[in-house]
Amino acid sequence: QKGDAWFEESFSASWVPKFNNALRGDLGYSLITKQFTEQESLNTENHSLNLSFKYLPLKSGKLTLEPGGKKEWNIYPFDSSSSFEQNKGFLKFTYLLNQLWSWGGKYEYAYKTYDKKAAFLDSGANFNFRRADHRNTVESWIKRQFGKYSVKLKEKSYRNNSNSQLQHYDDYDAHDGELSISGAFLKNSKLYLILTSDYEVKHYKKRAADT
């Protein structure tokens, strides 16, 4: 396999209105292009629109709710069968237990459809409709502050289901555990470092093991 080089360009714009002391919004657009010098089929063009809100429902300010959504178009100019659209909706929350402890979580639903890639039957024949993937993701975390340092434990689980039946290749559950240690350094905490380690287990529902 020969090597390759690629170039990436990006652009983003956002509007972050403040409606009142308890509610803010975030509307944004981003464009990321990646071009390979040799393997042009890998070139991509990604457009995304996102909208989210940050709401403090309690007078204490300890609880933060963040509902939102994202629309994404991932285009392969030289391989249209890999191009797809994706819609995401999510709800995040953070709760400050006290000055040292905080915890939170997130639920996200994602729906992806491929522009020209058909779903497959078990026999390998094409369906007469496009492949679509559904993903449900749940994560939770807890964080402990130690002055300028913190330790965070997070667990994320997701389930992916596809309408493509061939080997049920894209139907699986996954669980990911993560440990993060972070700290602020230098005068006025100008340097911030994070050390993260994670372990993931993925379970395919019906796919046969490779032999």
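The values are calculated or read from the model by the stated rules, or taken from the named source; none is laboratory data. Bear in mind that the values here come from a model prediction, so they are computed numbers and not experimental data. FYI the Cβ positions are ideal-geometry reconstructions off the backbone, even for glycines, and counts take in every protein chain you see. Surface accessibility is based on the protein's heavy atoms, side chains included, excluding ligands, DNA and RNA. Shrake-Rupley method; radii C 1.70, N 1.55, O 1.52, S 1.80 Å.
What to note about this one:
- In region 182-206, the residues that are part of a strand (DSSP E or B), open to solvent by less than 80 Å² (accessible area, probe 1.4 Å) and within 26 Å of Tyr158 (Cα to Cα): Ser182, Thr196, Ser197, Val201, Tyr204
- Here region 40-62 is the region considered, the condition is being outside any strand (DSSP E or B) and among the aliphatic types (A, V, I, L, M), and the residue that is nearest to Gly89 (Cα to Cα) is Leu56.
So that you can scan it fast, the table gives a plain yes or no per residue for (1) within 25 Å of Arg135 (Cβ to Cβ); (2) open to solvent by less than 80 Å² (accessible area, probe 1.4 Å):
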site: Ala13; (1), (2): no, yes
site: Arg24; (1), (2): no, no
site: Leu27; (1), (2): yes, no
site: Ser30; (1), (2): yes, yes
site: Gly61; (1), (2): no, yes
site: Pro67; (1), (2): yes, yes
site: Ser83; (1), (2): yes, yes
site: Gly104; (1), (2): yes, yes
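- Residues of region 165-178 that are out of contact with any Leu (no Cβ under 6 Å at 6 or more places or on another chain) and either at pLDDT 90 or above or surrounded by 15 or more Cβ atoms within 10 Å (Cβ to Cβ) (or both): Leu166, His168, Asp170, Asp171, Tyr172, Asp173, Ala174, His175, Asp176, Gly177, Glu178.
- Residue match in region 31-41 (condition: within 18 Å of the chain's Cα centre (by Cα) and acidic (Asp, Glu)): no
- Subset of region 1-39 [part of a loop (DSSP other than H, G, I, E, B) and without any contact (Cβ under 8 Å) to a residue 24 or more places away in the chain]: Gln1, Gly3, Val16, Pro17
- Selected residue [at pLDDT below 95 and touching a helix residue (DSSP H, G or I) at 6+ places or on another chain (Cβ under 9 Å)] from Asp115, Asp210: Asp115
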